[in-house]
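The values are calculated or read from the model by the stated rules, or taken from the named source; none is laboratory data. On a predicted model such as this, the values are computed, not experimentally measured, just so you know. Please note: Cβ atoms are built from the backbone with ideal geometry, for glycine as well, and neighbour counts cover all protein chains shown. Just so you know, the surface numbers come from the protein's heavy atoms only, side chains and all, with ligands and any DNA or RNA stripped out. Shrake-Rupley method; radii C 1.70, N 1.55, O 1.52, S 1.80 Å.
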Amino acid sequence: MPPETRTDLITLRLLMSRARANRRKSDEARALDRMATAACHMGLALALEREALDRLDALEASGTLIAIEALVASATSYARERRHV
């Protein structure tokens, strides 16, 4: 896997982790009836998710996702074969 692809996947994971954290903060703020804070965190979560989707679309357009799916399928198949040997 090319280093830039690995970097892209790490960035995607980080973006989604930050989005989940902001959604949790939004839920916590909403529970405390702090609607402005909740809205701010939800807005940040949505922006992070949009950026992640844009990056995912770029990976798909470049054919990288298909290559990764093929690699995962191959590795999964190999692992199943090894279990039955």
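Observations on the structure shown:
- Filter result (of a type in the set (Ser, Thr, Tyr) and closer than 18 Å to Thr11 by Cβ) within region 37-85: Ser62, Thr64
- Which numbered condition Arg34 misses (of (1) under 16 Å from Arg13 (Cβ atoms); (2) more than 17 Å from the chain's Cα centre (by Cα); (3) of a type in the set (Lys, Arg)): (1)
- Unique residue being open to solvent by less than 90 Å² (accessible area, probe 1.4 Å), of a type in the set (A, V, I, L, M) and in contact (Cβ under 8 Å) with a residue 40 or more places away in the chain when the list is Ala47, Ala52: Ala52
- Region 1-13, subset open to solvent by less than 100 Å² (accessible area, probe 1.4 Å) and in a helix (DSSP H, G or I), residue modelled with the lowest pLDDT: Pro3
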